Amino acid sequence: MEKIEHIGIAVKNLDEANKLFAKLLGKPHYKIESVASEGVRTSFFEVGGIKIELLEATRADSPVAKFIEKRGEGIHHLAFAVQGIEKEMDQCAEKGFHLLADAPKDGADNKRIVFLHPKYTNGVLVEMCEEKKN
Ligand code: CMX
């Protein structure tokens, strides 16, 4: 793992949360992007080289909708930048972590992403992400 790439925060209403975080951070979000496969609409803020990703569910069976229903709004995941995501996945599996997919998927912000089950990481949903090479 190279560095924290972003912190994901589950919100009920992205437009309202964008206003609130802009007030808190003193600058607006720099982009909004939907990821249909994950059932989310996201927005990004940047603070000191780290991104904050706000996540709003776009359908009832989205992981974010389930999360908010069970636990309310709040920190949803911690994402680490990696180089060579397949190799990192193999190493995590060897170390006993539980990968939530067999292969990386396309995520927001031009990334390939994979998640580790929070049950095996002290209740924290961990994402590994790698910039897509275009
Ligand atoms: N952080 C910590 N714990 C979480 C969690 C999260 N984000 N999401 C779910 N859990 C916990 C639940 O609270 C529940 O705990 P208990 O068993 O103690 O009650 C347990 O995990 C199972 O939760 P569930 O609601 O029954 O949900 P599922 O088992 O169906 O799914 C998970 C859980 C993590 C496998 C699923 O949410 C997942 O695949 N997440 C990865 C994908 C994702 O989150 N995508 C959205 C973001 C996309 C993006 O960033 O672009």
Quiz item: Remind me, relative contact order of segment 76-127 in percent, using alpha carbon pairs under 8 angstrom and six or more residues apart?
Solution: 39
Quiz item: When you take every Cα atom in the chain, what is the radius of gyration, and what is Dmax, the widest Cα pair distance, in Å?
Solution: 14.5, 43
Practice problem: Heads up, I need the accessible area for residue 125: 1.4 angstrom probe, whole protein in place, Å², nearest 10. | Solution: 30
Quiz prompt | Diffusion coefficient, µm² s⁻¹, Stokes-Einstein with Kirkwood Rh over alpha-carbon pairs of segment 8-63 at 25 °C and 0.890 mPa s | solution = 216
Quiz prompt | Length gained when the stretch residue 132-residue 34 is fully extended (0.36 nm per residue, less Cα-Cα span) | solution = 33.6 nm
Quiz item: What is segment 1-83's relative contact order, in percent, from Cα pairs under 8 angstrom and six or more apart in sequence?
Solution: 43
Quiz item: Per-residue accessible area for residue 6 at 1.4 Å probe radius, Å² rounded to 10?
Solution: 10
Practice problem: Please work out how much accessible surface residue 99 shows to a 1.4 Å probe, ignoring ligands, DNA and RNA, in Å² rounded to 10. | Solution: 40
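Quickly estimate the mean residue ellipticity at 222 nm for the chain, helices only: each DSSP H run with n ≥ 4 gives -39500 (n - 2.57), and the total goes over all residues, rounded to 500.
Helix contribution divided over all residues of the chain: -7000 deg cm²/dmol.
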Quiz prompt | 20 Å reach of a label modelled at residue 20, 7 Å along Cα-to-Cβ, counting backbone N of segment 70-112 | solution = 70-78
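The values are calculated or read from the model by the stated rules, or taken from the named source; none is laboratory data. Note that the structure is predicted; figures quoted are calculated from it, not measured. Quick reminder, even Gly has a Cβ in these numbers, built from the backbone with ideal geometry, and neighbours come from all protein chains shown. For the accessible areas, the whole protein counts, side chains as well, though only heavy atoms, and no ligand, DNA or RNA atoms are used. Shrake-Rupley method; radii C 1.70, N 1.55, O 1.52, S 1.80 Å.
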